[in-house]
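Encoded as structure tokens, the structure appears first; notes follow it.
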Amino acid sequence: MATIDTNIAAGRLISRKRFWSFGVPAMVVVYLAYVAVAFDLGGLAGRARLDNGALLMQDFWSYKIHVTRDNRRDEITSSIEGMRNATFSPEQRPDFVSDTATGTRVELPQGNSVEFGADGLVTLTTPDGSYQVRATRTGVESDIPNPPKNFNISDSRVTAYLPEGARLTVTRARTEVFRRQAGWELFFFDLSSEFYGKSWGELGALAVGPRIQPDQSNIGNMAHDFWTNGIWHHGDVAWAIFETILMAFLGTFAAGLISVPLAFLAASNFTPLAVVRQAVRRIFDLLRGVDALIWTVIMSRAFGPGPLTGSLAILLTDTGTFGKLFSEALENVDEKPIEGLRSTGAGSIARIRWAVIPQVAPVILSQLLYYFESNTRGATVIGAITGGGIGLLLMQAMQTQQDWEHVAYYILLIVLMVMVMDWVSGRLRARLIKG
Amino acid sequence: MTTVPADRIAAAYHAQLSRRRAYSTVLWAVFVALLVAGFDMANSRNAGGFVAGLPKVLDYPAALIGEAWDKIGNLPGHMLRALPALVETLNIAAASTLLGTMGGAVMALLATSGLAPFPRLVPVFRRILDIARAYPEMVIALVLIFVLGGGPVPAVIAIAFHTVGALGKLFSEVAENASMKPVEGLESVGASWLQRMWFGIVPQVAPNWASYAMLRFEINIRASAILGFVGAGGIGYELRNAISWGQGRYDAAAAIFLLLFGTIVFFDQLTSMARNRLVRGQEQGQAGGRI
């Protein structure tokens, strides 16, 4: 008999193991296949805009200098990404633009060059040959019998795509040459700053050298120019990051302050009244279940966009989470110290202060710190929805669909911010647990 | 041996006690001052002030509930219409949790010293996990939406990436505490690294890993709803549309709010029940019963 039982038990065990090691993986594969069909993974290749992806990757690490000729006024200007506030003055002209006997020459990578001549004439010289295009009052004239594949020619526009992201566009109104440069343009100083275009060595020498402006030290001047950079707005970005951390800080720690007393009401060993306990617990469930997304929507209706709205949304969600966590911690406290204090005649406040708080304080603090870090990430997302902090800046830069170098900068800052918070909160938690 | 008079000990004790009390009083004062100043600052930078907004907090929910109550007959219809979007949100969460769990498991084994096949690369894999964890899902989703177009796939990739980072760290902490004896046994009979992990480590850590993965699933449902709000499809997208319709169509918004709330509560309860069972099963020591 016993052997038969053992056999049956062994059979059950084996079939259960078979289920776990073959059945579950098979189910996962089937489910993922279903999701792939439901999400139309096959059609994705058709919808994907890989040119967008290439543009984005290029913009992440490089920028374009536009050299533009207004064909009517015959004026040549150079600017960064065509931005009005990043137009070079004549003495700042990039060194790949030079004057020749017949006009103005723009050197491009890999032996290409463009020359702006008189009367709207544009000459493109490539290693394979030389092409002439003329902008007239009515359109664009060109005489290129067998245009190469990278040319795009019509009566009103001629475009030539050249190596390393360079491009020539000629229309009736203007002739434009794009040339890509590695790096983030004007990251430290914009064109209006006296420090633009100086090398690190020159800047170092300036820092200790005589003052440019008598009323301000050069280092202060540099810091001011960096902080108020008109393209990168470092001051505003720093403020936005501060605002995001502020949202997380206020939401997390205010929720902690509110939920500690409420947690006592939800813990069975401190609140004998089941009605109160259940009521408080349901409030926690409600706060937690109505997601931060919904709270953000509701709060922004009442308070409008801004950091306060974000803080309150975090506060409400986390009050629910903390209430649940802390009341569980309270239910697990050791009763002995409480008994000890009771035997000395201590009142309930004294018992809580001296017997309960010391037991739960490390748990509470380490949870608060953990959530502070994770809420910094959450506040970025909430900021994007409710309009505050670095999340908003990121969202705005994304929506322009061209400031990808700013997007890359913000992403880098967000990741650094979260990693620093993670590290700080981890260190503090480790110290709390040890001490 | 010198004896210290009792009154000197008492004096020293009291001095220490009052110093500690002074420290904690100062700390509390600083903390409260920071909170107050922070709220004041946030308040001044908000579009609407706290005092002006407070009476209006309940206006929107009240209007929603009022209108939904008047048209209560419409609610089931609205919910039924939003159901495919809800399924999409759940699918995004489930697929990204599955992919993230698999990626997290591999990364965790690569990042745990003692188990890693390339011990020198352990710090590298740890940093990769840190970076993956630090990305808010939304950042990746928005970039991918620009390249891949709107829809659920960018959301899955974004959430899965973050999940790899979050679970990888937790999984690695669990794996660090696993017993090395099965691994050594397998090694002595010539098992490859994959076999050692699959038969020696995974059975030990599976209950804890599964428990963390379920917790993640619940978190990912929320994340997937939020991503819908910024353009990745699903119930979040429906919610944003319903909100923008405004008054007169509040019943539709209320239906989606209810659906989302119900889903989150349901999965919150379900995963916490399943996790309790997993942890309890482990405590009862059913060693042979699992995997």
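Structure above, values below:
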{"quantity": "Residues of region A:157-181 satisfying the condition of being open to solvent by 20 Å² or more (accessible area, probe 1.4 Å) and more than 33 Å from the chain's Cα centre (by Cα)", "calculated": "A:Arg157, A:Thr171, A:Arg172, A:Ala173, A:Arg174"}
{"quantity": "Every residue from region A:102-145 that is assigned to a loop (DSSP other than H, G, I, E, B) and either touching a residue at least 60 places away in the same chain (Cβ under 8 Å) or open to solvent by 70 Å² or more (accessible area, probe 1.4 Å) (or both)", "calculated": "A:Thr102, A:Leu108, A:Pro109, A:Gln110, A:Asp119, A:Pro127, A:Asp128, A:Arg137, A:Thr138, A:Asp143, A:Pro145"}
{"quantity": "Filter pass, A:Thr296 being among the hydroxyl-bearing types (Ser, Thr, Tyr), farther than 25 Å from A:Ile433 by Cβ and crowded, with 16+ Cβ neighbours inside 10 Å", "calculated": "yes"}
{"quantity": "Single residue of region A:238-254 satisfying the filter (farther than 16 Å from B:Asn46 by Cβ and open to solvent by 10 Å² or more (accessible area, probe 1.4 Å)) that is nearest to the other protein chains (Cβ to nearest Cβ)", "calculated": "A:Phe253"}
{"quantity": "So B:Phe217, is it in contact (Cβ under 8 Å) with a residue 40 or more places away in the chain, of a type outside the set (Lys, Arg) and open to solvent by 20 Å² or more (accessible area, probe 1.4 Å)", "calculated": "yes"}
{"quantity": "Residues located in region A:300-317, provided they are more than 8 Å from every other protein chain (Cβ to nearest Cβ), β-branched (Val, Ile, Thr) and touching a Ser or Thr at 6+ places or on another chain (Cβ under 8 Å)", "calculated": "A:Ile314"}
{"quantity": "Test for B:Leu109: is it within 26 Å of A:Leu413 (Cα to Cα) and either small (Gly, Ala, Ser) or part of a helix (DSSP H, G or I) (or both)", "calculated": "no"}
{"quantity": "Residue match in region B:122-137 (condition: assigned to a helix (DSSP H, G or I) and farther than 30 Å from A:Val407 by Cα)", "calculated": "yes"}
{"quantity": "Qualifying residue in region A:68-83 (condition: in contact with a Gly (Cβ under 7 Å, 6 or more places away or on another chain) and either under 22 Å from A:Phe187 (Cβ atoms) or of a type in the set (Gly, Ala, Ser) (or both))", "calculated": "no"}
{"quantity": "Evaluation of B:Ala85 against (1) modelled with pLDDT of 90 or more; (2) open to solvent by less than 20 Å² (accessible area, probe 1.4 Å); (3) farther than 18 Å from B:Ile221 by Cα (one fails), failing number", "calculated": "(3)"}
{"quantity": "The lone exception for B:Ser18 - which of (1) at pLDDT below 90; (2) polar (S, T, N, Q); (3) not assigned by TED's automatic domain parsing to the domain that holds B:Ile256 it fails", "calculated": "(1)"}
{"quantity": "Residues being basic (Lys, Arg), open to solvent by 60 Å² or more (accessible area, probe 1.4 Å) and under 17 Å from B:Ala105 (Cβ atoms) - total across region B:166-207", "calculated": "1"}
{"quantity": "In region B:127-151, the residues that are over 25 Å from A:Leu41 (Cβ atoms) and surrounded by fewer than 20 Cβ atoms within 10 Å (Cβ to Cβ)", "calculated": "B:Arg127, B:Ile128, B:Asp130, B:Ile131"}
{"quantity": "Yes/no for A:Leu257 being open to solvent by less than 60 Å² (accessible area, probe 1.4 Å) and aliphatic (A, V, I, L, M)", "calculated": "no"}
{"quantity": "Criterion violated by A:Trp184 - all others in (1) open to solvent by less than 50 Å² (accessible area, probe 1.4 Å); (2) in contact with an Asp or Glu (Cβ under 6 Å, 6 or more places away or on another chain) satisfied", "calculated": "(1)"}
{"quantity": "Considering residues of region A:42-80 that are open to solvent by less than 50 Å² (accessible area, probe 1.4 Å) and among the basic types (Lys, Arg) only, the residue nearest to A:Gln181 (Cα to Cα)", "calculated": "A:Lys64"}
{"quantity": "Helices (runs of 4 or more DSSP H) wholly inside region B:144-252 containing at least 3 residues that are more than 11 Å from chain A (Cβ to nearest Cβ) and among the small types (Gly, Ala, Ser)", "calculated": "B:152-176"}
{"quantity": "Conditions (1) over 20 Å from the mean Cα position of the chain (by Cα); (2) open to solvent by 50 Å² or more (accessible area, probe 1.4 Å); (3) among the aliphatic types (A, V, I, L, M): number failed by B:Met102", "calculated": "(1)"}
{"quantity": "Selection status of A:Phe226, crowded, with 17+ Cβ neighbours inside 10 Å, touching a residue at least 60 places away in the same chain (Cβ under 8 Å) and farther than 30 Å from A:Ala313 by Cα", "calculated": "no"}
{"quantity": "Meets criteria (touching a helix residue (DSSP H, G or I) at 6+ places or on another chain (Cβ under 9 Å) and assigned to a strand (DSSP E or B)) for A:Arg211", "calculated": "no"}
{"quantity": "Residues satisfying the stated conditions in region A:398-424, i.e. farther than 16 Å from A:Thr244 by Cα and open to solvent by less than 20 Å² (accessible area, probe 1.4 Å)", "calculated": "A:Met398, A:Trp404, A:Glu405, A:His406, A:Val407, A:Ala408"}
{"quantity": "Test: residue in region B:278-291 that is part of a helix (DSSP H, G or I), open to solvent by 30 Å² or more (accessible area, probe 1.4 Å), out of contact with any helix residue (DSSP H, G or I) (no Cβ under 6 Å at 6 or more places or on another chain) and modelled with pLDDT of 80 or more", "calculated": "no"}
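Results for (1) among the β-branched types (Val, Ile, Thr); (2) under 39 Å from the mean Cα position of the chain (by Cα); (3) within 13 Å of another protein chain (Cβ to nearest Cβ), shown as yes or no for each residue.
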position	(1), (2), (3)
A:Leu13	no, no, yes
A:Ala36	no, yes, yes
A:Ser79	no, yes, no
A:Phe88	no, yes, no
A:Gln92	no, yes, no
A:Asp95	no, yes, no
A:Ser98	no, no, no
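Yes or no, residue by residue, for (1) touching a residue at least 60 places away in the same chain (Cβ under 8 Å); (2) in the same structural domain as B:Arg249 (by TED's automatic domain parsing); (3) not hydrophobic (A, V, I, L, M, F, W, C):
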| position | (1), (2), (3) |
| --- | --- |
| B:Val51 | no, no, no |
| B:Lys56 | no, no, yes |
| B:Trp69 | no, yes, no |
| B:Asn74 | yes, yes, yes |
| B:Leu80 | no, yes, no |
| B:Leu86 | yes, yes, no |
| B:Thr89 | yes, yes, yes |
| B:Ala94 | yes, yes, no |
| B:Leu98 | no, yes, no |
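Residue-wise test of (1) under 30 Å from A:Trp184 (Cβ atoms); (2) open to solvent by less than 60 Å² (accessible area, probe 1.4 Å).
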{"site": "A:Gly320", "(1), (2)": "no, yes"}
{"site": "A:Val333", "(1), (2)": "no, yes"}
{"site": "A:Lys336", "(1), (2)": "no, no"}
{"site": "A:Glu339", "(1), (2)": "no, no"}
{"site": "A:Val360", "(1), (2)": "no, yes"}
{"site": "A:Val363", "(1), (2)": "no, no"}
{"site": "A:Gln367", "(1), (2)": "no, yes"}
{"site": "A:Thr376", "(1), (2)": "yes, yes"}
{"site": "A:Thr380", "(1), (2)": "yes, yes"}
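Conditions tested, residue by residue: (1) over 28 Å from A:Ile294 (Cα atoms); (2) in contact (Cβ under 8 Å) with a residue 12 or more places away in the chain.
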{"position": "A:Leu315", "(1), (2)": "no, yes"}
{"position": "A:Gly320", "(1), (2)": "no, yes"}
{"position": "A:Gly323", "(1), (2)": "no, yes"}
{"position": "A:Ser327", "(1), (2)": "no, yes"}
{"position": "A:Asp334", "(1), (2)": "yes, yes"}
{"position": "A:Gly340", "(1), (2)": "yes, yes"}
{"position": "A:Gly345", "(1), (2)": "yes, no"}
{"position": "A:Ile349", "(1), (2)": "yes, no"}
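The values are calculated or read from the model by the stated rules, or taken from the named source; none is laboratory data. Note that the structure is predicted; figures quoted are calculated from it, not measured. Note that we place each Cβ from the backbone using ideal geometry, even for glycine, and neighbour counts take in every protein chain shown. All accessible areas refer to the heavy atoms of the entire protein, side chains included, with ligands and DNA or RNA removed. Shrake-Rupley method; radii C 1.70, N 1.55, O 1.52, S 1.80 Å.
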